[in-house]
Amino acid sequence: MNIAIVDDEKHCIESLELDLESLSLNHHIIYKTSKPMEALQELPKLKVDILFLDVEMPQLNGFELLDQLGEFDFDVIFTTAYSEYALQAFKNKAFNFLLKPVDVDELEEVLADWQKDNQKRAYLMNESAVKELLAKIKNEGFVKSKIAIPTVNGFEFLKTEEILYCQSENNYTKIFLSTGETKLISKTLKDVEKTLSNYMFLRIHQSYLINPKYLKQYNKTDGGYVVMDDGNSLPVSKQKRYLLIEFFDIISRS
């Protein structure tokens, strides 16, 4: 949970920081400022999940700041001493509204609601991605094609349908094939994922990209893992579980 705080009163920023620390959340305060004009320039550069935003500030109030930002992909929780701003806050698509001085119990409740809502949104996004993937499978089958991978002497062409999964090894990627061979290439897994984006591969973990054609089993125990057709078990990250569960669910209903 990446958090930013914009409040012209520095003691309010410090107080909110202490309240957040007391809740033992898995959070990072990646940006804080008492200068709204500075925030206008810096916020678009950051990957923020939640912005705690004061309303009454000099030069630029909270509503004006959001208006000038235009498009943004974080949730806003307004913090103010004036309850009359509540209606306007929700009209400005605020996730929630906290009165100063902030009550720690209310803060905890608001953040718990945000986590539930965020999980639901992630689930819906994953559901959409899986449905798109399955539509491609139904319409096109598992696409048979080749990709070029760099070698010392040039390039080697691999059949995408023979790739079981890819494993990240720092700035390299190891490709496991159905033939039992492995190929180590000087590309990051992120680059390989882009190359295979049209071939229905699933990113199940920061270190693994799999071909669902060879997916044999998903087990929820031990943090969650999949078993591939070659018998190897691969971990599934917490963020990707919804994607995989929805994948199996839609297949079972197809």
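Just so you know, all these numbers are worked out from the coordinates, no wet-lab data involved. Predicted model, so just to flag it, every value in this text is computed and none were measured. Counting neighbours? That spans all protein chains shown, and the Cβs are built from the backbone with ideal geometry, glycine included.
Here Lys240 is the anchor, and the aspartates and glutamates within straight C-alpha reach of less than 17 Å, apart from those fewer than 8 places off in the same chain, are Asp117, Glu127, Glu132, Glu193, Asp222, Asp249.
Please give the contour-minus-distance gain from Gln217 to Leu46: 0.36 nm per residue of separation, less the Cα-Cα distance, rounded to one decimal in nm.
Values: separation 171, 0.36 × 171 = 61.56 nm, distance 3.77 nm.
Using 0.36 nm per residue and subtracting the Cα-Cα distance, I get 57.8 nm.
The ranking of Tyr172, Tyr242 from fewest to most other beta carbons within 10 Å of each one's beta carbon is Tyr172, Tyr242.
Find how much the distance from Ile30 to Gln239 grows on full extension, using 0.36 nm per residue of separation minus their present alpha carbon separation; answer in nm with one decimal. Don't skip to the answer; put the middle values down first.
Working: separation 209, 0.36 × 209 = 75.24 nm, distance 2.05 nm.
Computed gain between Ile30 and Gln239 is 73.2 nm.
Net charge of the neighbourhood of Tyr31, taken over other residues with C-beta under 13 Å away and scored Lys/Arg +1, Asp/Glu -1, is -1. Count Lys and Arg as plus one, Asp and Glu as minus one, and take only other residues whose Cβ is under 15 Å from that of Phe155; the net charge is then +2. Taken one residue at a time, the phi angles of region 233-244 give Karplus couplings (6.51, -1.76, 1.60, θ = phi - 60°) of 9, 10, x, 10, 6, 4, 5, 9, 4, 4, 4, 5 Hz. Gly and Pro are set to x.
For region 2-102, count all C-alpha to C-alpha pairs, find those more than 19 Å apart, and express that count as a whole percent of the total.
On the way: 1764 of 5050 pairs.
Beyond 19 Å sits 35 percent of the P(r) for region 2-102.
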